[in-house]
Amino acid sequence: MATFSKINFKTLNYNSFRPHYPTSFYKILTEYATKGDLSKLPLEKSIDLGCGTGVATYPLLNTSKEVFGLDLSLSMIKTADSLIESRCKELGIEDLSRIKFRAGAVEDFLYTEDKSTREIEDGSVDLITAAQCIHWFKDYDAFFKNSHQLLKKGGTLSYFFYIDPVIVDFRVENGTSLSKEEKIKILRRSKQLYYDFVYNDPASWGPHWENPGRNILKDYCQEVNQSIPTDLYEDIKINTFLPDFETGNTLPDDSKELDLKKMDIPLNGFVNYLTTYSAYHSFKEATGDPNNSLEVFVKKLESEFGWDRNSTKVDLVWNTGYTFLTKK
Ligand SMILES: C[S@@+](CC[C@H](N)C(=O)[O-])C[C@H]1O[C@@H](n2cnc3c(N)ncnc32)[C@H](O)[C@@H]1O
């Protein structure tokens with residue numbers, strides 16, 4: 001997964017434009033990891049693989065004494081490191097040595113690194129997380145086997161993801177009121193325009209996704225789930241939430257689903273999120289983006305629907321999923 005490692009990739013934009021996992025999700029994860037017995041907190045050690053700028057790593061400090069984040073991209077790790085002081089302050093944590101980041105590939109760290117020199121011993125980890133990255137890892141059999149070795153007995157392996165936000169509602173400033181059917185027609189069309197722009201149009205970003213990673217994610221990580229070795233893990237919990245404005249099932253139940261949404265944000269917030277797509281950066285690099293593809297897309301939304309990027313407010317809900325496993 002090369003794009004996020006490029007020196008010019010804007011990791012701070014990534015950190016602010018990407019959705020952050022809600023407290024409700026950490027509650028679900030913590031309940032699973034402690035098997036409902038919160039007296040087991042704090043956990044001794046958690047590690048976050050493919051940690052990026054630390055979006056999912058810092059919150060682990062709420063439940064774990066020591067937290068370690070690993071990422072392939074040096075620029076992501078530099079940003080994660082640069083946030084230690086401010087993020088720990090926000091979390092009320094004084095001992096900054098409780099969190100450490102390191103640049104490196106998961107495959108080197110887990111599968112091949114000399115265990116006598118690796119800073120984390122086998123059988124010592126309570127919780128491993130891999131947020132929005134497992135689709136990039138190689139060799140799932142090796143991943144599950146080596147994660148199993150790193151975990152304590154009864155420890156938790158968890159991976160979770162989000163993909164393709166759906167505009168499930170919108171409000172146009174001074175706009176005429178629309179019937180439910182008229183709204184759904186616009187939402188359906190906006191979804192189609194998004195998919196054409198991001199995946200289907202061969203002249204757009206579609207051919208620039210790195211695969212098999214993106215296709216695994218588009219398939220809600222089923223390929224990863226199918227590789228889970230049931231002789232090594234038990235209590236397997238798999239959950240997905242796919243927003244559907246056609247049926248009205250647009251809001252996840254935050255007590256059991258990874259509830260990722262940005263409500264009532266300007267259309268521009270959606271556009272900013274799109275700038276963090278790896279395919280956007282690969283497309284720009286390959287073609288120079290002579291027509292400013294993203295601008296063309298936004299103008300299309302504005303002209304077709306009478307939207308305005310600053311004043312039109314949208315509700316975005318992501319397709320999400322998670323898998324939790326317990327080491328036997
Ligand atoms: C989409 S970002 C997710 C970052 C963060 N976990 C989050 O939830 O925002 C994917 C991250 O996985 C990292 N990554 C991809 N393949 C990796 C690998 N084989 N080993 C370590 N990190 C990897 C990338 O460098 C990137 O920072």
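The values are calculated or read from the model by the stated rules, or taken from the named source; none is laboratory data. None of the values given here were measured: they were computed from a predicted structure. A quick note on method: Cβ atoms are made from the backbone with ideal geometry, for glycine too, and the neighbour counts reach across all protein chains shown. For accessibility, only protein heavy atoms count, side chains too; no ligands or nucleic acids. Shrake-Rupley method; radii C 1.70, N 1.55, O 1.52, S 1.80 Å.
Points worth noting:
- Enumeration of residues in segment 36-53 that are of a type in the set (A, V, I, L, M, F, W, C) and either within 16 Å of the ligand (Cβ to nearest atom) or under 16 Å from the mean Cα position of the chain (by Cα) (or both): Ile47, Leu49, Cys51
- Evaluation of Leu267 against (1) surrounded by fewer than 19 Cβ atoms within 10 Å (Cβ to Cβ); (2) in contact (Cβ under 8 Å) with a residue 24 or more places away in the chain; (3) not small (Gly, Ala, Ser) (one fails), failing number: (1)
- Listed conditions (1) within 15 Å of the ligand (Cβ to nearest atom); (2) touching a Ser or Thr at 6+ places or on another chain (Cβ under 7 Å) are all met by Pro59, apart from (2).
- Test for Tyr322: is it over 30 Å from Thr30 (Cβ atoms) and open to solvent by less than 10 Å² (accessible area, probe 1.4 Å): no
- Flag if Ser204 is open to solvent by less than 60 Å² (accessible area, probe 1.4 Å), in contact with a helix residue (DSSP H, G or I) (Cβ under 7 Å, 6 or more places away or on another chain), over 18 Å from Leu316 (Cα atoms) and not assigned by TED's automatic domain parsing to the domain that holds Val67: yes
- Applying a threshold of 7 Å to beta carbon distances and a minimum spacing of six or more residues, or different chains, the list of pairs starting in segment 76-104 at a residue that is loosely packed, with under 12 Cβ neighbours inside 10 Å and ending at one that is assigned to a helix (DSSP H, G or I) reads Glu85/Leu96.
- Complete set of residues in segment 202-242 that are more than 17 Å from the chain's Cα centre (by Cα) and β-branched (Val, Ile, Thr): Ile228, Thr230, Ile236
- Per the listing Ser293, Ser227, Ser282, the residue uniquely of a type in the set (S, T, N, Q), open to solvent by less than 20 Å² (accessible area, probe 1.4 Å) and either touching a residue at least 40 places away in the same chain (Cβ under 8 Å) or within 16 Å of the ligand (Cβ to nearest atom) (or both) is Ser293.
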